[in-house]
Amino acid sequence: MGIKGIAVTSRVMAFPERRPRRLRTTPAMRRLVAETRLSVDDLVAPFFVKEGLDAPEPVLSMPGVAQHTIESVTLEAKALVALGVPSIILFGVPLVKDERGSGADRADGIVQTAVRAIRDAVGDSLVIMTDDCLDEFTDHGHCGLLRPDGSVDNDATLERYASIAISQADAGADVIGPSGMMDGQVGAIRAALDSSGHADTAILSYAVKYASALYGPFRDAAECAPKFGDRRGYQMDAGNAREALEEAALDVEEGADMLMVKPAVAYLDVITALRNSFDIPVAAYHVSGEYSMIKAAAERGWIDGDAVALEHLLAIKRAGADFILTYLAREVAEVLNA
Ligand code: PBG
């Protein structure tokens, strides 16, 4: 077929032989050729557990998320097992905060108590991860111990992280997730675990954690917004990608078993860069702000929240993540199992 008076020389122009649309004709065909798949096996569900609560307390900036009691988090854990979700990560909110974050490494601390209760209820059917950080436990809200001038003391903080790791492993955590971005934290925690009989406890390093405005709702949930200043002195600048590889390489050298990038959707290139440079599992944290943006727009009817949720999580996998920490875990698992 040609336009009147003009000879058509290329058949491809008029009748393309390569037709990618042939592989999009039916749902079954699209399933067959899918390059990336999202499965319940990819999900890690984060939970907030608060000391001294009588009933779960909804987090207003995270619709569908609550601060849990030991009982309610245990019920959630059982529900996730039934859905086939393989893992959870726990964040604790203590009743009392002080400058050292003393509640973080108590044998009867809120995280340690929750780990024991959940383990009792579900045995080995869930990989139980714990966040190893101080900001939820310090009265100043920073991720480490402070010097008199208000700056975070890296090396003094490492001793606290090591002690927290031991107490969490003693309680039965399978994986310790250091999230404070102190230099040397993975090495310090590995040494502490090894010398306390926890050689089999793994470390998921929040190796690449950006100083992100997307953590806002989490700070409501964990009651851990810094009382002064910000976290730019220890978390990474949003524009830096080469530095991510440096951070990850150091953590691998220090003994990290798995690496994590955080947040996720705004940092897909960084996930891909880590994937291409390292062979150990790479995780991504779809953080509170990413979750709440979807929920807020969906609530207003501006987007289809379920569809956007699946699209985001699939994109994170396409970028190269092996698994995803996400507040969407339970609802997405329900959709995937339907
Ligand atoms: C620090 C920690 C934070 C998050 C996970 N671990 C907050 C911060 O660095 O300010 C944020 C996760 C989220 O936003 O969902 N312990």
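Annotations
- Among the residues here, ALA284 qualifies as aliphatic (A, V, I, L, M), within 16 Å of the ligand (Cβ to nearest atom) and buried (at least 16 other Cβ atoms within 10 Å of the Cβ).
- Counting only residues that are open to solvent by 20 Å² or more (accessible area, probe 1.4 Å), within 22 Å of ASP153 (Cα to Cα) and of a type in the set (A, V, I, L, M), segment 237-274 holds 1 of them.
- Selection of segment 183-214 for residues being within 12 Å of the ligand (Cβ to nearest atom) and open to solvent by 10 Å² or more (accessible area, probe 1.4 Å) yields LYS209, ALA211, SER212, ALA213, LEU214.
- Screening ASP153 against (1) more than 14 Å from the ligand (Cβ to nearest atom); (2) open to solvent by 10 Å² or more (accessible area, probe 1.4 Å); (3) touching a helix residue (DSSP H, G or I) at 6+ places or on another chain (Cβ under 8 Å) leaves a single unmet condition, (3).
- Residue selection: LEU134 satisfies the criterion of being more than 22 Å from ILE294 (Cβ to Cβ), open to solvent by less than 50 Å² (accessible area, probe 1.4 Å) and either assigned to a helix (DSSP H, G or I) or of a type in the set (A, V, I, L, M) (or both).
Quick grid of which residues meet (1) more than 27 Å from ASN337 (Cβ to Cβ); (2) assigned to a helix (DSSP H, G or I); (3) more than 16 Å from the ligand (Cβ to nearest atom):
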{"residue": "PRO63", "(1), (2), (3)": "no, no, no"}
{"residue": "THR74", "(1), (2), (3)": "no, yes, yes"}
{"residue": "ARG100", "(1), (2), (3)": "yes, no, no"}
{"residue": "ILE118", "(1), (2), (3)": "no, yes, yes"}
{"residue": "ILE128", "(1), (2), (3)": "no, no, yes"}
{"residue": "GLY141", "(1), (2), (3)": "yes, no, no"}
{"residue": "GLY144", "(1), (2), (3)": "yes, no, no"}
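- Residue selected from segment 126-175 under the condition of a type in the set (Gly, Ala, Ser) and in contact with a Lys or Arg (Cβ under 8 Å, 6 or more places away or on another chain), by the criterion nearest to SER196 (Cα to Cα): SER167
- Taken as a whole, the structure leaves LEU146 outside the set of residues that are surrounded by fewer than 24 Cβ atoms within 10 Å (Cβ to Cβ), at pLDDT 95 or above, more than 24 Å from ARG232 (Cα to Cα) and touching a strand residue (DSSP E or B) at 6+ places or on another chain (Cβ under 9 Å).
- Only one entry of TYR291, TYR234 meets the criterion of being open to solvent by 20 Å² or more (accessible area, probe 1.4 Å), touching a strand residue (DSSP E or B) at 6+ places or on another chain (Cβ under 8 Å) and hydroxyl-bearing (Ser, Thr, Tyr), and that entry is TYR234.
- Total residues in segment 298-338, condition assigned to a helix (DSSP H, G or I), acidic (Asp, Glu) and free of Cβ contacts under 8 Å to residues at least 12 places away in the same chain: 1
- Flag for LEU314 being open to solvent by 60 Å² or more (accessible area, probe 1.4 Å), of a type in the set (A, V, I, L, M, F, W, C), away from the ligand (no atom under 16 Å from the Cβ) and under 18 Å from the mean Cα position of the chain (by Cα): yes
- Residues considered: ASP251, ASP230, ASP257, ASP220. Of these, the only one that is free of Cβ contacts under 8 Å to residues at least 24 places away in the same chain and either of a type outside the set (S, T, N, Q) or away from the ligand (no atom under 13 Å from the Cβ) (or both) is ASP230.
- Filtering segment 80-88 for residues that are within 16 Å of the ligand (Cβ to nearest atom) and in contact (Cβ under 8 Å) with a residue 24 or more places away in the chain leaves a non-empty set.
The values are calculated or read from the model by the stated rules, or taken from the named source; none is laboratory data. Predicted, not measured: the structure shown is a model, and the values here were computed from it. A quick note on method: Cβ atoms are made from the backbone with ideal geometry, for glycine too, and the neighbour counts reach across all protein chains shown. Side chains are part of the model used for accessible areas, which takes the heavy atoms of the whole protein and leaves out ligands, DNA and RNA. Shrake-Rupley method; radii C 1.70, N 1.55, O 1.52, S 1.80 Å.
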